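Comments concern the structure below.
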Amino acid sequence: MKKVAIITGISSGMGKAAALYFKEQGFEVYGGARRIERLTDLKEQGIHTQSLDVTDAISVRALVDRTISEQGQIDVLVNNAGYGEFGPIEEVPIENAKKQFDVNVFGAAQITKYVLPQMRQQGSGRIVNISSVGSNIYSPLGGWYYTTKASLNMWSDVLDQEVKQFGIRSVIVQPGLTKSEWSKIAFENAKKNLVENSPYENMLDKTEELFSKITFSEATAEDLAKVFYRAATDIKPKRRYYHSIVDHGMVLVARTMPNTYRAVLSKMMKGI
């Protein structure tokens, strides 16, 4: 029997690669993004696409209802939509910080709320939440982004405890740096969020340079798509999925030796 997946944020990067990979593996794939003009090639390759804003309940409901109406089931939900609202915590407007939570956390919660009744009726389902190594490790200027990903981790763990009784599991994928538009957009946001004559201008330059130098663990979108697929299809799912042992190792160091991580980060920043 063919499996059905909904993937959010499929206009580019990991989301787009995941939509194509799941399709190649025999899934019927439904998904969307705000930039509908960037979905044409996916539609041509058999992906069921539509406009999707994860912060708009009506938009989200339309995607879920369409999927159930046309396929009668939802086996996998990949909560991939998200972005980085970088900038100094002092200077990022609170409305921007709220938008970051609306997309990265509440957007995932909204669509999950709509798919759970169908999964519960089926007696099976997998919620794959795309977090980040940034839920454990951190740098200057990413405070609001990292906070949303840490929140998503806890939310997913609690959800998993609540729904596994129904044959549903909720798991986390924690990508590291990827070869994508993500860093470019994050630092564009950081520059927009700086106030005039900001005392954080030098820190922004150093942090952007730091990100540009960390290439040893970079993965392609296609690499991450395969990790998404494992998280969605493993018979015995794990709580956390990583692309590489380097990504997992950095998370373990930050989580178990926080002072060591902080010292290393400070040394790296001073060395730039």
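In whole angstrom, how far apart do the alpha carbon centroids of the range 26-103 and the range 203-249 sit?
Spelled out, the Cα-based centre of one part sits 20 Å from the other.
Once the Cβ-Cβ distance between D157 and I214 is put in as r, and R0 is 30 Å, what FRET efficiency do you end up with, to the nearest 0.05? Intermediate values should be presented prior to the final figure.
On the way: r = 27 Å, r/R0 = 0.91.
After rounding to 0.05, the efficiency reads 0.65.
Any idea what angle helix 13-24 forms with the longest principal axis of the chain, computed on alpha-carbon atoms, 0 to 90 degrees, nearest 10?
The angle comes out near 30 degrees.
Given a cut-off of under 8 Å on Cα pairs at least six residues apart, what relative contact order in percent is computed for the range 35-93?
On the way: 20 pairs, mean separation 9.8, N = 59.
It rounds to 17 percent for the range 35-93.
Quick one: if you stick a label point 7 Å off each Cα along the C-beta vector at D53 and E181, how many nm between them?
A separation of 1.8 nm, rounded to one decimal place.
Given the chain, what percent of its DSSP beta bridges are antiparallel, to the nearest 5?
Details: 0 of 25 bridges.
In the chain, DSSP labels about 0 percent of beta bridges as antiparallel.
If you take all C-alpha pairs in the range 100-217, what percent of them are over 21 Å apart? Before the final figure, lay out the partial values.
Numbers: 3272 of 6903 pairs.
Taking all Cα-Cα pairs of the range 100-217, the fraction more than 21 Å apart is 47 percent.
How much space per residue, in cubic angstrom, does the convex hull of the C-alpha atoms of the range 52-112 take up?
Details: hull volume 4.3 nm³, N = 61.
Per-residue hull volume (Cα only) is 70 Å³.
How about the range 198-236: which chymotrypsin sites (Phe, Trp or Tyr not before Pro) there lie in a loop by DSSP and see at most 14 other Cβ atoms within 10 Å? Present the calculation step by step, with values, prior to reporting the outcome.
Numbers: sites: Y200, F211, F216, F228, Y229; in loops: Y200, F216.
Filter output for the range 198-236: F216.
How about K191: which aspartates and glutamates have a C-alpha closer than 18 Å to its C-alpha, ignoring those fewer than 8 places off in the same chain?
Answer for K191, where 18 Å is the Cα cut-off: E85, E90, E91, E95, E181, E201, D205, E208, E209, listed by chain and number.
Given 0.36 nm per residue, what is the gain on full extension from V195 to D102 after removing their alpha carbon distance, in nm? Mind showing how you got there, number by number?
Values: separation 93, 0.36 × 93 = 33.48 nm, distance 2.34 nm.
Extra length from V195 to D102 when fully extended: 31.1 nm.
Over the alpha-carbon set of the range 4-271, work out the extent along each principal axis and list the three values in angstrom, largest first.
Taking max minus min along each principal axis of the Cα atoms, the range 4-271 gives 56, 38, 30 Å.
Every number here is computed from the coordinates shown, using simple stated rules; none is lab data. Everything numeric here is computed off the predicted structure, so don't read it as measured data. Heads up, the Cβs are rebuilt from the backbone with ideal geometry, glycines too, and the neighbour counts pull from every protein chain shown.
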